[in-house]
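One structure is given below, encoded as structure tokens.
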Amino acid sequence: MEAFEYSLAGVVLLITFWLLIARRVRGAINGYAFQSIVLAAIAGATYLQSFRLHLLLLATSSLVIKGVVIPLVLRRQIRATVYDKRETHYYVGFPTALLIGMLLAIVGFVAANQLAITKDLLGQPVSGVAIAVVLIGFFIAVARSDAVMQLTGLLVAENGLLLLGLVLSAGLGLLIDFALLLDVLVGALVMGFLIARMNSTIMSTDTGELTRLRG
Amino acid sequence: MTGSILLLLLLAIPLIGAVATWFIRSTRLLHLITALAHTAVLIVALVLLSMLLTRNAPRAFGNLLVLDPLGGLVLLIVAVVGFTSALYSAGYLNHEVAHGAVKPNELRRYYALLHIFVFTMLLTSVSGNLGILWTAIAATTIASAPLVDFYGSREPLEAAWKYIVLTTAGSMIALFGFLVLYQAGVHVLGESYDFSFTALAGVASRLPAATALTAFLLVLVGFGAKAGLAPMHTWLPDAHSQAPSPICALLSGVELNCAMLGIFRVFSVTAPAAGLNHLRLALVLFGLFSLLVAVAFLVSQRDFKRLLAYSSIEHMGLIALGVGIGAPLAVFGAMLQMVNHALAKSLMFFTTGNLLLGFRTRAIAEVGGVVRVMPATAVLAVAGGLAIAGAPPFSLFISEFSIIAGAARSNQVFIAAMAALLLVVGFIAIVAPFNRMTFSTPVEGKAAAVAVNPIVLVPAYLSLAAVLVLGVWVPGPLHDLLSGAAALVAP
């Protein structure tokens with residue numbers, strides 16, 4: 001059973017790297033959806049180990065909200081011109097981004113060791129993956145100049161935190177986990193709304209064009 | 001029992017208000033319903049606070065919703081500034097509609113979001129569970145980002161995007177901290193436990209030290225970004241200058257305090273294990289750096305709303321500094337500073353809102369002769385400028401003096417000297433522009449300022465009266481509340 005979860009965690013990390021260098025908005029959103037589905041599978045697997053009903057509910061609701069609803073709504077709110085856009089800009093080059101991503105992954109694994117996390121349902125390696133995903137997600141959010149990509153970065157970081165929550169404590173309790181999910185859902189919708197506004201105001205989702213406020 | 005019903009009522013009122021605004025077409029009725037809802041919130045909050053001070057702490061659903069003195073202090077701030085901002089919104093938005101800057105049908109969206117924004121801040125103040133606390137603080141950004149973008153042009157959009165991306169990233173770092181804190185609790189309380197600060201406070205000294213310290217630092221950096229502590233403050237001057245003025249009053253006066261509450265909650269449960277001195281040192285460093293950055297930008301500021309935004313960073317830095325210094329006088333001063341900042345900063349955003357309505361510019365250089373064109377607002381600008389800068393007899397003088405005196409008396413002379421020096425420079429940088437705008441001759445071609453509706457003056461004068469009264473006399477119940485809150489952040 002553990003081997004299965006470890007390989008799923010590996011898939012989550014691989015998708016994160018793929019999102020790091022994704023060049024199309026369409027690909028990034030699909031990648032996020034796929035990553036959320038794999039995460040839901042990990043939550044489902046931990047349910048099979050412990051048979052805590054709360055984990056099953058967490059698995060199904062994140063599958064529905066993060067794997068289906070958020071990607072679909074983003075797809076609807078972001079117009080076709082943006083959705084099919086090929087080039088998305090980095091403030092650093094793609095090879096540099098990949099290199100930084102690898103460094104962040106190493107930092108994640110070292111940090112997981114340092115934190116001396118007790119072995120709960122999943123082990124230390126998964127928490128290393130989780131912290132790496134969080135860090136790379138943040139990096140995507142700050143280093144990309146496209147607004148949709150920045151949003152994807154934040155969502156990926158949140159996925160990493162969900163994974164970390166699963167490793168550390170099998171979630172924080174039903175009510176809190178649902179409150180968190182609701183927060184993510186509404187947050188993604190509001191950011192999607194702002195992206196749609198950006199598209200109609202500056203005819204682009206490149207935040208590099210939004211630099212009027214200074215001092 | 002009554003306590004739990006009142007807590008639920010407190011949270012229900014803004015939600016009902018939000019739903020109600022969706023069905024109302026009449027502008028006048030929208031203003032009225034909002035003002036009534038916020039009056040009701042204020043009354044319920046005051047009843048809850050009196051229960052807290054005279055009887056037991058009100059709570060609902062076990063430890064899920066709890067009102068303690070620290071949360072009560074923030075509740076008081078949310079309720080009072082929510083009330084004045086709701087009143088101010090009516091007058092301000094009527095002007096904007098008459099001027100054509102806002103379309104009448106946009107008011108419903110404004111008020112619905114305002115109610116939800118206030119709901120998230122009320123929930124922050126009464127959360128007893130740390131998971132709910134995190135959710136509520138993160139939700140304040142989500143509810144208010146569309147309000148920052150309310151005017152719908154390019155600059156507000158840029159400000160709203162920067163605001164939501166940076167503070168959401170901050171909230172996620174804080175969530176990381178909360179997960180680590182939960183894990184620290186697992187060592188003592190077992191695998192599944194009630195993640196409330198009441199439960200954690202009971203075992204606080206037995207938490208693993210390194211894990212507790214990691215949790216606090218993550219939360220400090222994460223919510224520090226939301227509270228506008230430097231160097232994570234870069235979104236703040238943009239968001240606080242682009243939002244409509246009544247929203248600025250809430251963003252600056254209340255939302256920053258809510259983020260501070262999140263930091264202090266985690267501070268109080270991690271301090272016994274992680275070592276009080278480590279945690280205080282971290283707060284002092286962030287506090288002093290925020291003061292330094294704020295003052296540097298205050299000196300060169302040309303936009304009067306950005307001036308106020310940097311003054312908020314200065315005040316948040318002082319609050320962090322006061323708790324970091326740790327002497328009882330300084331901690332008490334920091335708690336009083338939270339209240340004073342909320343009152344004075346909302347007062348100043350109402351005042352500059354009036355200037356904006358009259359002059360249609362945020363540039364300090366383009367505003368002049370306020371005393372002749374808008375005499376009632378001129379009084380507010382001069383008195384309020386002195387108040388936020390920390391001049392006696394206004395209440396900020398008392399709280400800022402307490403923080404510095406607390407540092408000096410507990411042999412932290414360097415900190416006291418640094419803070420005092422920065423405050424003096426900041427004082428001049430804040431007072432000078434407001435005096436210049438008030439007394440200088442009107443700028444050519446900009447003199448045709450319009451008269452403002454008296455409604456926009458009432459909430460501002462109420463706040464001014466409060467800052468004046470608190471400067472000479474802190475009422476007994478408020479003093480009890482402040483001491484109770486100070487006791488929680490100085491374990």
| Out of all the residues in segment A:136-157, which are outside any helix (DSSP H, G or I) and within 9 Å of chain B (Cβ to nearest Cβ)? | none
| query | A:Gly160: within 25 Å of B:Gly185 (Cβ to Cβ) and either touching a strand residue (DSSP E or B) at 6+ places or on another chain (Cβ under 9 Å) or modelled with pLDDT under 90 (or both), yes or no? | reply | no
| query | Which of (1) of a type outside the set (D, E, K, R); (2) in contact (Cβ under 8 Å) with a residue 40 or more places away in the chain; (3) within 10 Å of chain A (Cβ to nearest Cβ); (4) crowded, with 24+ Cβ neighbours inside 10 Å does B:Val126 not meet, given it meets every other one? | reply | (3)
| remark: Flagged in segment B:289-321 as more than 14 Å from chain A (Cβ to nearest Cβ), among the polar types (S, T, N, Q) and either outside any helix (DSSP H, G or I) or over 13 Å from the mean Cα position of the chain (by Cα) (or both), in numbering order, are B:Ser290
| query | Yes or no: A:Ala132 surrounded by 15 or more Cβ atoms within 10 Å (Cβ to Cβ), at pLDDT 70 or above and either within 14 Å of another protein chain (Cβ to nearest Cβ) or not in a helix (DSSP H, G or I) (or both)? | reply | yes
| note | Counted residues in segment B:129-164 being free of Cβ contacts under 8 Å to residues at least 40 places away in the same chain and over 20 Å from the mean Cα position of the chain (by Cα) come to 5
| If you check every pair at least six apart or on different chains, which have Cβ atoms under 8 Å apart with a residue in segment B:288-312 that is closer than 20 Å to B:Ala259 by Cα and modelled with pLDDT of 95 or more first and a residue that is surrounded by 24 or more Cβ atoms within 10 Å (Cβ to Cβ) and among the aromatic types (Phe, Trp, Tyr) second? | B:Ala294/B:Tyr310; B:Leu308/B:Phe349
| remark: Note on segment A:167-194: residues β-branched (Val, Ile, Thr) and at pLDDT below 90 are A:Val167, A:Ile176
| query | How many residues are under 17 Å from A:Leu13 (Cβ atoms) and of a type in the set (Asp, Glu) if we restrict to segment A:132-176? | reply | 1
| task | State whether one or more residues within segment B:103-112 are more than 10 Å from every other protein chain (Cβ to nearest Cβ), crowded, with 24+ Cβ neighbours inside 10 Å and more than 14 Å from B:Pro244 (Cβ to Cβ). | result | no
| said: Just to be sure before I move on: is B:Val379 part of a helix (DSSP H, G or I) and out of contact with any helix residue (DSSP H, G or I) (no Cβ under 6 Å at 6 or more places or on another chain) in the structure I sent? | reply: yes
| query | If only one of B:Pro231, B:Pro208 is touching a His at 6+ places or on another chain (Cβ under 6 Å), at pLDDT below 95 and surrounded by fewer than 22 Cβ atoms within 10 Å (Cβ to Cβ), which one is it? | reply | B:Pro208
| said: I'd like to know if segment B:171-190 contains one or more residues that are within 18 Å of the chain's Cα centre (by Cα), assigned to a helix (DSSP H, G or I) and either in contact (Cβ under 8 Å) with a residue 12 or more places away in the chain or closer than 30 Å to B:Asp238 by Cα (or both). | reply: yes
| task | Look at B:Ala139 and say whether it is at the interface with another protein chain (Cβ under 9 Å from one of its Cβ atoms) and either modelled with pLDDT under 95 or surrounded by fewer than 24 Cβ atoms within 10 Å (Cβ to Cβ) (or both). | result | yes
| query | Pairs, please: C-beta under 6 Å, at least 6 apart or cross-chain, first residue within 15 Å of B:Asn277 (Cα to Cα) and in segment B:322-339, second part of a helix (DSSP H, G or I) and of a type in the set (Lys, Arg)? | reply | B:Gly324/B:Arg280; B:Gly326/B:Arg280
| said: Can you tell me how many residues within segment B:143-156 are at the interface with chain A (Cβ under 7 Å from one of its Cβ atoms), crowded, with 24+ Cβ neighbours inside 10 Å and in a helix (DSSP H, G or I)? | reply: 1
| query | List pairs: first in segment B:463-491 and over 21 Å from B:Val269 (Cβ atoms), second surrounded by fewer than 19 Cβ atoms within 10 Å (Cβ to Cβ) and of a type in the set (Ser, Thr, Tyr), Cβ under 8 Å, 6+ apart or cross-chain? | reply | B:Pro477/B:Ser50
| message | Considering only residues that are within 9 Å of chain B (Cβ to nearest Cβ), crowded, with 22+ Cβ neighbours inside 10 Å and under 18 Å from A:Asp146 (Cα atoms), which ones fall in segment A:158-194? | response | A:Gly187, A:Met191, A:Leu194
| task | Identify the single condition in (1) touching a residue at least 40 places away in the same chain (Cβ under 8 Å); (2) aliphatic (A, V, I, L, M); (3) closer than 24 Å to B:Pro477 by Cβ that B:Ala40 does not satisfy, given that it satisfies every other one. | result | (1)
| note | Counting only helices (runs of 4 or more DSSP H) entirely within segment B:401-491, those with at least 3 residues that are more than 24 Å from the chain's Cα centre (by Cα) are B:413-439
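Quick grid of which residues meet (1) at pLDDT below 95; (2) touching a Leu at 6+ places or on another chain (Cβ under 9 Å); (3) assigned to a helix (DSSP H, G or I):
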residue	(1), (2), (3)
B:Ile77	no, yes, yes
B:Gly82	no, yes, yes
B:Gly91	yes, yes, yes
B:Ala98	yes, no, yes
B:Ala112	no, no, yes
| Which of the residues spanning segment A:7-30 are assigned to a helix (DSSP H, G or I), surrounded by 16 or more Cβ atoms within 10 Å (Cβ to Cβ) and touching a residue at least 60 places away in the same chain (Cβ under 8 Å)? | A:Ala9, A:Val12, A:Leu13, A:Thr16, A:Phe17, A:Leu19, A:Leu20, A:Val25, A:Ala28, A:Ile29
| note | Across (1) more than 9 Å from chain A (Cβ to nearest Cβ); (2) within 25 Å of B:Phe119 (Cβ to Cβ); (3) buried (at least 20 other Cβ atoms within 10 Å of the Cβ), B:Thr198 clears everything bar (3)
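The values are calculated or read from the model by the stated rules, or taken from the named source; none is laboratory data. Keep in mind it's a predicted model, so treat the numbers as computed, not measured. Quick reminder, even Gly has a Cβ in these numbers, built from the backbone with ideal geometry, and neighbours come from all protein chains shown.
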